[in-house]
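Here's the structure we're looking at; comments come further down.
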Amino acid sequence: LGLALYTGSLCAVNSAAFLYHDYCIIGAGPSGLQAAYFLQQAGRDYLVFERSHAPGSFFALYPRHRKLISINKRYTGKSNSEFNLRHDWNSLLSHDRRLLFRRYSRDFFPNADTMVRYLEDFASLLKLRVQYNTAIIHVTLETDEQAWNGHYFLLTDQDRQNYKCSSLLVATGTWVPNVVNFPGSEYVEGYETVSINPEDFAGQTVLILGRGNSAFETAENILGVTNFIHMVSRSRVRLSWATHYVGDLRAINNGLLDTYQLKSLDGLLEGDLEDLAIIKDKKGKLHITLRFYLENRNTSASIDSITLPQDELDNFATRAPYDRVIRCLGWKFDFSIYNRSLRMMPGKGNKKKYPQIKPSYESRGTRGLFVLGTASHSVDFRKSAGGFIHGFRYTTRAVHRLLENRHHGVPWPSTVYPITQLTNSIIKRVNEASGLYQMFSVLADIILLRENATAFEYLEEYPVGVLAELETQTGRKAPNGLFVVIMEYGRNFSGADKDVFYYNRAVGEAQHAWQSNFLHPVIYYYRRLPTEREMKLRPPDWPLPRPDAIHHIVEDFLTDWTAPNAHILPLRRFLENCLSTDLRNFFAESCFLFAFTHQKLPPFCRQGYMRMQGLVGSEGLRRRAVEAGLLEDYALTDFLGDRPPDSPEGSQDQLLRDHVIPVRPLQHLVNAKDE
Amino acid sequence: MSAQKNKWISSFSFLLFWVSSIPTRGSVGLLQELNPQEYFRSLQPGRASLAYFSHHVSPGGQPFLEQIENSAEALQDYGISVVKVNCPKEDISRYCGKDNALRKAYLFRGNMLIREFPTDALFDVNSIVANVLFALLFNEVKYVETLTDLQNIENALKGRSNMVFAYVPATGTAEHRAVMEAAFVYGTVHQFVLTTEATLLKDTGNDEPDVSSAQLLFCHCQQATDLAQPCRRTAMGQALTMLNIHRHLKLMAAPLVTEVAEDPEKVSTVHLQLGLPLVFILSQKETYEADRRTAEFVAWQLLGKAGVALLSRDHVDLNVLLRSNVALKTPDEGVPIKYLVLEDTDEILTLVEDKSKVEQIQEDEEEEEEEEDEGEKENNNQDIQDDQVVEAVSRDKKRELPLEQILVLTEETFHSALLETARTVVLFYASWEAVSLAVLRSYTEVADQLKGTQGVLLSRVNCWDWPGVCTKENVTQFPTIKIYEKGERSVIYNGMWGTEELTTFIMLSRVSCPLKLATIDEAEGYLRGEFPSELSSYHHASVLGVFSTATSEAREAFEEAGDILSGHVTMGMYFEDDALALSRKYAVSPPALLLARSGAQSVESISLSKQSAQDMVQMITYELLDIFPEITVQNLPHYWQLRKPFLILFSDGDIGQMESTEMLKLAKGRSQQAFVACWLNLKKTPVGRGILKAYFATVPSLPLLVWVNLHAGGQVFRFPSEQPITEMNILSWLEKLKAGLEIPSSTLSEEDWKPPLPAYDFLQMMETAVPGLPLHTSHHHGDMLEQHPPKSPGEDKATQVDPSQETKAEKVGSPGRDLRGTAPRLAAREKQGKRHSEL
């Protein structure tokens, strides 16, 4: 850091034109502010650039109809603040309990203005350093071996002011509207500017291009006053409750589906927008035709001479003329401000609206440039929540932790526990952790085993895509194997054309847990860290390569995985078998017996009782254990004499014997096969 | 398949191969029905078949026909097909034409008739198999009637190969069949000789042979050099069954004495695999030759009953008495090796024979048990809770806890609550975690005991509801108890999770530690345990630091130590001007410690040299240990940490005056440093019975003095009960122990704590259910299941494997294994065989 400051100040002297900061953040939206918060907490030198006069300028305009579709669940029946974040999709992460979104709005689907107000408060209450009215219009690199990443980032704003940064965090979101060019596209109104007053659509026939939430939101708004609405898009409609992806069509917006499927009033059509053409007749009505017809016609011909599809096919679906055509095709990342040397490349296929980044959120083209927020969604597009506040607030934290380790030698935060706490720490996290839950299959908790499995180190919410680089990215060592705790949906459950309501969709029995469909915890065990090659060759749809062992905690209707027999017991058996040890708890009395009858003690006795932290247990409780046949009451033998060995509660002996019982796991597998 | 069958294969593995493949083919249609033309056309050279001819239904042949049908499967194992030939009515050829031909069965090899059997020689499956094999194995099994014949064969074999001599009272019996079946497998290795003449048996050294039962002798002719002497013989002790013969021959083939130069725990021989004990003769370089001779002698005596190995002490670092000369390893998993000091080879024989008797009984019992357990074993009990704490808490779930004395704290109320009372005890727990809930139950009892105590507030925080507070208070595991002092600091409770211990801790930590005493009277009262009065009812020891005004360094260290020991020990200090008066009374010069144990009259004094606070903590903790404590569940860890052997006097109730005095003398004596002398009151610590049972199988008569090497070797020695417990006797006994002159009564298991049961193997299930699942892409697929599920100790015990499971494994098509698996498989086969013959 000293060096960084030194070089920083040096730069300030040498080239007075540059204002230097270790970290520059472009954009004071949710992810920019979230990143600023973590940098501020860590005491880092940073600055946020915001082109508007206030944070969250995107939310000041969008969504046009002002209703956020991220839920603001104020009541969950639980007071656990971490758990409650699972159902709070709007708050950013901070230590300040005033900055919880439920304090800002009572609406389940809050107004976008509230979000703007919230972001303003977030920036001001936490005193985040944001430079407003500064639009970064160009970013380039200056090679310098002294720099953290071998180069500095040079930023230029609209007033030709220059800034120099060691690390660049791009939090600009995706704000450039997607436009399709076809003959007649000049007649199309954009979502950005279309009227939101339903009265303006009274008695009109409307065609909407696009099939995302903005398209349906627009339709929903005017559904009651139009003649009818048609929607055209290349892809089929994807319902978010079927795909488990929050970016797909949310039920709150799908009123049009209702009228379409019930009475054929409104409708959906599939087709490639590139093939379209729109022509305007003399009355100002808009007709749909195909680009193909236009290309064939004589350029001088009048509008009337243009062939319409219905001329050849008189039941052509969109033969009725429209009064308006509205484009609601979503947004893309602004690639324009980056110099070619930064190699900010668009992604492939349906990810072309996002810049290419690694699973560590670092740009593929430039070291030291990290993409945060919505623009970073290529990592988990159409899978998890990384493109939304309730997802990227965690990935932003993960990026910050990576940076702390890389530039400041602060390793990934971790806690070391004795091995007896292994089952507990997993159960605690899968029940309350919100990052694991929101960023399912993307962020995972990592448990690094210490030598001889007597202790372990717990790392929270690490980006699982860079598991192979764990040691360099976190500054923690993993020589003795590791567990990865992650949440997953059933592999074949979600999908655009899947029936997610079929009978017996829920698995109830722990032994069939691997077939669980709903979001449930999965624990992978690796005896050594997977290599990058193994990560690359992992099966499709698997977040991780084949583990040495895997455990699914059976899905739960209440997402409460604390049942002693259905959830905790199978987990314990799994952990025991991975570590080849006995993780049961014992009363002090049992430990006492073991101490005199065994040369070795189970971990619970070794780490508890023998360190004078034995579980004496109340009399009533010990009696329960005796009832269960898991503890022998030796006091009883005073009266009964020696009990016959086959008495039903042969118990402590039973317990001792349990331990040496010849278990035949292979035979179990054979039996399973037979079934 | 048939090509192989044409050859006489005696290799055992092929037999197994057949056996394992039989069940898949099923038993239907093993008996072929052909007409004569078809039959004779089907005969192949070298291939044997048993045929009988019939004119459709002839009622008289019915029972005979059934037996033939039943034997078809057994004969198929040996490559012999069984055919029923249906003669057309008009046929008058050789086999169909004659009337009496219909009452015979014919054995062909190729189209050559080997033997005709009258139907009365084929009365059941045993007789059919025995007689058919007998006919076919004409060269492999010599039938003798006279002693001369036997001797001639024996002499011819000397130096060449061994002989298996069997006597059966009659041919066509189950024993005869077993011998023939063994000959089928081993016929090319050993010369088989069979007789039905009891007189031949008499000459084999057995004076009064039991001629009614079959016998088998293995004659070691291969090594015999002296033509005049008969070959050495080893009789098989068990009944003549295929399995026993196989086992016997296997044992005879094993080396007489195995030389071993590794940890005996790791040694495994044929004997152990076949469920027999292994005797180690411990040898040294100096005595090697003699030991070798002894071993060979013993080995001959034990041949067929136990294995003998010669263990070189020079190569293996054995942690046993130097005097030990013999070790016994039993085939049971988990039973430690017994090291013994024996004087006579006869003792070894007795030992082994007794052992096998006991085992026989145990096996019978086990079998019964296993049958009972079988149902349970099917589902493996994986889903049954075997954690005593979790299960106890779940069973207690519905009982409402009296929690009204304990304040519930939340994120909002936490900090304000701490300011209200002088001392706030906070239990941080998780409402789903069993150990937390167990502690919560004790905590309610503490609350009950402390009800009305001024200045102490008992409270709890459920970290499942309020994770923020718990994180902030640095609570990383459940449960945690912290005691907050108003506005100042907090102490983490680090003692036992018991009502009594926690109550005492809370009460003791109310008084500042160390407590500044103002007057000599207070100091005296403090040593008597009367001051401060609020602690007088709590059992504790008091430490009083006496300091002169000059010794501030030691005083500071003492104060620091007090900080650490607060709640566990009461510490006072006196540094007024008249401290000298106090120090004179107890004959110490300041800085010094005065130590008053609870219940004891005397005050001990220790002078302090320069010490850090840590040293002082250690010193005080050590000094507070009793010299001859009653060991309890609560205090064991304190003494355990000394890592010394324990000399424990087990007593049912209080110990007698005499024992107490003698033991105290012993404990105070010079040997005090070497071990922990203590006693255990079975009335107060009933689990002591469990210890005794583990050591001696039953609870022996008490009082009983036991020496346990808890930390080194785990041997348990029992003080001879006929000797009175006196210091002298014990000391001389201990000398003997040290010199290695005593034999341990038992040895503590050295086993690791492995997972009690396997986990669900979801990887395997995924692969089975979705074979197309691209799980194999990862290249190290093979080694993964090696560890998961883990290999458990009992797995290797081939002899205990339930036969039915084994056959199941065969069905699935398990790959060839080593010979360990053969015995149970044969057993399984035999069981099946029995069932067939019973039909």
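The values are calculated or read from the model by the stated rules, or taken from the named source; none is laboratory data. Since the structure is predicted, the reported quantities are computational estimates derived from the model, not experimental observations. Methodologically, a virtual Cβ is constructed for each residue, glycine included, from the backbone with ideal geometry; neighbour enumeration extends over all protein chains shown.
Some notes on this structure:
- Helices (runs of 4 or more DSSP H) wholly inside the range A:44-129 containing at least 3 residues that are crowded, with 18+ Cβ neighbours inside 10 Å and under 22 Å from the mean Cα position of the chain (by Cα): A:81-84, A:112-125
- One residue alone among A:Gly224, A:Gly203 is assigned to a loop (DSSP other than H, G, I, E, B) and either surrounded by 23 or more Cβ atoms within 10 Å (Cβ to Cβ) or at positive phi (or both), and that residue is A:Gly203.
- A:Phe586 vs. criteria touching a residue at least 12 places away in the same chain (Cβ under 8 Å), surrounded by fewer than 23 Cβ atoms within 10 Å (Cβ to Cβ) and aromatic (Phe, Trp, Tyr): no
To keep it simple, each residue is scored yes or no on (1) touching a strand residue (DSSP E or B) at 6+ places or on another chain (Cβ under 9 Å); (2) away from chain A (no Cβ under 13 Å).
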site: B:Gly468; (1), (2): no, no
site: B:Lys472; (1), (2): no, no
site: B:Phe478; (1), (2): yes, no
site: B:Ile483; (1), (2): yes, yes
site: B:Met496; (1), (2): no, no
site: B:Val511; (1), (2): yes, yes
site: B:Lys516; (1), (2): yes, yes
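- B:Thr258 falls short on exactly one of the conditions (1) part of a loop (DSSP other than H, G, I, E, B); (2) under 23 Å from B:Leu351 (Cα atoms); (3) in contact (Cβ under 8 Å) with a residue 24 or more places away in the chain, and that condition is (1).
- Flag for A:Gly210 being touching a residue at least 40 places away in the same chain (Cβ under 8 Å) and not assigned by the TED database to the domain that holds A:Asp380: yes
- Given (1) more than 7 Å from chain B (Cβ to nearest Cβ); (2) surrounded by 23 or more Cβ atoms within 10 Å (Cβ to Cβ); (3) under 30 Å from B:Glu400 (Cα atoms), index of the condition A:Asp560 fails: (2)
- In the set A:Asp266, A:Asp258, A:Asp248, only one residue is without any contact (Cβ under 8 Å) to a residue 24 or more places away in the chain and surrounded by 12 or more Cβ atoms within 10 Å (Cβ to Cβ); that residue is A:Asp258.
- Residue within the range A:313-324 that is basic (Lys, Arg), in a strand (DSSP E or B) and in contact with a Phe, Trp or Tyr (Cβ under 8 Å, 6 or more places away or on another chain) present: yes
- Residue check for A:Pro545: surrounded by fewer than 23 Cβ atoms within 10 Å (Cβ to Cβ), at pLDDT 90 or above, in a loop (DSSP other than H, G, I, E, B) and touching an Asp or Glu at 6+ places or on another chain (Cβ under 6 Å): yes
- Within the option set A:Arg533, A:Arg572, A:Arg538, being more than 7 Å from chain B (Cβ to nearest Cβ), at pLDDT below 90 and out of contact with any strand residue (DSSP E or B) (no Cβ under 8 Å at 6 or more places or on another chain) holds for one residue only, A:Arg538.
- The number of residues in the range B:387-416 being part of a loop (DSSP other than H, G, I, E, B) and at the interface with chain A (Cβ under 8 Å from one of its Cβ atoms) comes to 5.
- Within the range B:456-486, the set of residues being more than 43 Å from the chain's Cα centre (by Cα) and assigned to a loop (DSSP other than H, G, I, E, B) comprises B:Asp465, B:Trp466, B:Glu473, B:Lys486.
- Among residues of the range A:605-629 that are not assigned by the TED database to the domain that holds A:Ile419, those with a Cβ under 8 angstrom from a residue that is hydroxyl-bearing (Ser, Thr, Tyr) and part of a loop (DSSP other than H, G, I, E, B), sequence gap 6+ or separate chain, pair up as A:Gln607/A:Thr454.
- Residue within the range A:165-184 that is at pLDDT 90 or above, in a strand (DSSP E or B) and under 13 Å from A:Tyr322 (Cβ atoms) present: no
- Residue that is surrounded by the fewest Cβ atoms within 10 Å (Cβ to Cβ) [pool: residues in the range B:430-455 that are outside any helix (DSSP H, G or I) and not hydroxyl-bearing (Ser, Thr, Tyr)]: B:Gly452
- When the residues of the range A:470-503 are filtered to those that are more than 23 Å from the chain's Cα centre (by Cα) and basic (Lys, Arg), the one that is surrounded by the most Cβ atoms within 10 Å (Cβ to Cβ) is A:Arg476.
- Of the residues making up the range A:604-619, just one is facing another protein chain (nearest Cβ under 7 Å), within 21 Å of B:Ala694 (Cα to Cα) and crowded, with 24+ Cβ neighbours inside 10 Å, namely A:Tyr609.
- Criterion applied to B:Lys84, B:Lys158, B:Lys104 was being surrounded by 15 or more Cβ atoms within 10 Å (Cβ to Cβ), more than 20 Å from B:Met180 (Cβ to Cβ) and touching a residue at least 60 places away in the same chain (Cβ under 8 Å), and the one residue passing it is B:Lys158.
- No other residue among A:Gly330, A:Gly368 is of a type outside the set (Asp, Glu), under 30 Å from A:Gly203 (Cα atoms) and within 23 Å of the chain's Cα centre (by Cα) apart from A:Gly330.
- Taken over the range B:517-551, residues that are touching a Ser or Thr at 6+ places or on another chain (Cβ under 8 Å) and acidic (Asp, Glu) amount to 1.
- Residue within the range A:277-286 that is aliphatic (A, V, I, L, M) and either free of Cβ contacts under 8 Å to residues at least 12 places away in the same chain or over 27 Å from A:Pro177 (Cβ atoms) (or both) present: no
- When B:Thr698, B:Thr685, B:Thr661, B:Thr632 are screened for being surrounded by fewer than 18 Cβ atoms within 10 Å (Cβ to Cβ), at the interface with chain A (Cβ under 9 Å from one of its Cβ atoms) and over 30 Å from B:Val320 (Cβ atoms), only B:Thr632 passes.
- One residue stands out in the range A:134-153 among those that are over 23 Å from A:Arg406 (Cα atoms) and of a type outside the set (A, V, I, L, M): the one that is surrounded by the most Cβ atoms within 10 Å (Cβ to Cβ), namely A:Thr134.
- Test for B:Lys754: is it within 14 Å of chain A (Cβ to nearest Cβ) and modelled with pLDDT of 85 or more: yes
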